[in-house]
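The values are calculated or read from the model by the stated rules, or taken from the named source; none is laboratory data. Keep in mind that what you see is a predicted model, and the values were worked out from it rather than measured. Heads up, the Cβs are rebuilt from the backbone with ideal geometry, glycines too, and the neighbour counts pull from every protein chain shown.
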């Protein structure tokens with residue numbers, strides 16, 4: 001903090017969050033559209049297919065200047081783009097406040113953005129990309145060998161194994177009981193990533209927060225009208241991700257308050 005003024009660090013964090021949010025919107029849309037993630041030629045409008053210049057792709061700024069519409073065809077820009085960018089900026093600032101200008105901040109910034117991107121995809125498709133879950137697990141485990149704060153490599157490995165193993169058992173038991181899928185394999189892989197990020201000690205709070213917020217969210221998902229009427233499927237990944245992010249930010253305080 002003596003080297004970098006606090007205001008400069010927070011400003012850099014906000015910019016980094018917005019930039020990562022902008023990249024996340026590209027990843028999300030291309031993954032949903034089943035297009036190559038590293039497609040050459042830049043971004044294009046999903047409505048008119050016009051190529052977007054750099055002025056059209058500045059996170060947050062372009063959305064505000066264009067008043068939420070495509071420069072070429074005037075079609076509305078989906079609000080999910082703005083939500084992703086703002087979510088990533090909020091996470092960048094919150095994690096900056098918790099970890100300060102440290103390697104931990106950089107690592108958890110990227111991993112948190114991956115969870116946010118995966119959550120938006122899960123909301124839309126009820127799927128979680130392996131690039132996020134398995135890639136995030138590998139990144140979190142690799143970081144555990146180098147970071148001074150956070151779980152050590154042994155705790156990270158144990159957290160990943162127990163998190164994924166517990167949800168795999170739940171998945172299999174539900175399948176035997178109800179004769180259908182109730183928990184996706186993507187959630188099992190996600191718990192490996194989350195366990196590697198939080199360690200074994202962070203799993204109870206993460207799962208508790210995920211369960212409580214998921215129950216509240218299920219009210220919306222179960223009553224939301226769709227093509228088939230009431231929808232019973234609820235994406236669990238975003239709520240588990242929320243629990244993980246809250247643990248990283250406020251885990252010790254919440255656990256003391258709950259007397260875990």
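Okay, here's what the table says:
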read-out: Selection status of residue 79, within 26 Å of residue 63 (Cβ to Cβ) and surrounded by fewer than 24 Cβ atoms within 10 Å (Cβ to Cβ); value: yes
read-out: Some residue of segment 108-121 being over 12 Å from the mean Cα position of the chain (by Cα) and either farther than 27 Å from residue 11 by Cβ or assigned to a helix (DSSP H, G or I) (or both); value: no
read-out: Among (1) in a helix (DSSP H, G or I); (2) within 22 Å of residue 116 (Cα to Cα), the one test that residue 165 misses; value: (2)
read-out: Any chance residue 136 is under 19 Å from residue 248 (Cβ atoms), in a helix (DSSP H, G or I) and assigned by TED's automatic domain parsing to the domain that holds residue 250; value: yes
read-out: Qualifying residue in segment 191-200 (condition: over 18 Å from the mean Cα position of the chain (by Cα), at pLDDT 90 or above, surrounded by 15 or more Cβ atoms within 10 Å (Cβ to Cβ) and on the phi < 0 side of the Ramachandran plot); value: yes
read-out: Test: residue 151 is over 15 Å from the mean Cα position of the chain (by Cα), surrounded by 19 or more Cβ atoms within 10 Å (Cβ to Cβ) and not in a helix (DSSP H, G or I); value: yes
read-out: Residue in segment 38-61 that is surrounded by fewer than 15 Cβ atoms within 10 Å (Cβ to Cβ), modelled with pLDDT of 75 or more and in a helix (DSSP H, G or I) present; value: yes
read-out: Any hit, segment 212-234, residues being modelled with pLDDT of 85 or more, over 19 Å from residue 122 (Cβ atoms) and part of a helix (DSSP H, G or I); value: no
read-out: Failed condition for residue 182, given (1) more than 22 Å from residue 249 (Cα to Cα); (2) under 17 Å from the mean Cα position of the chain (by Cα); value: (2)
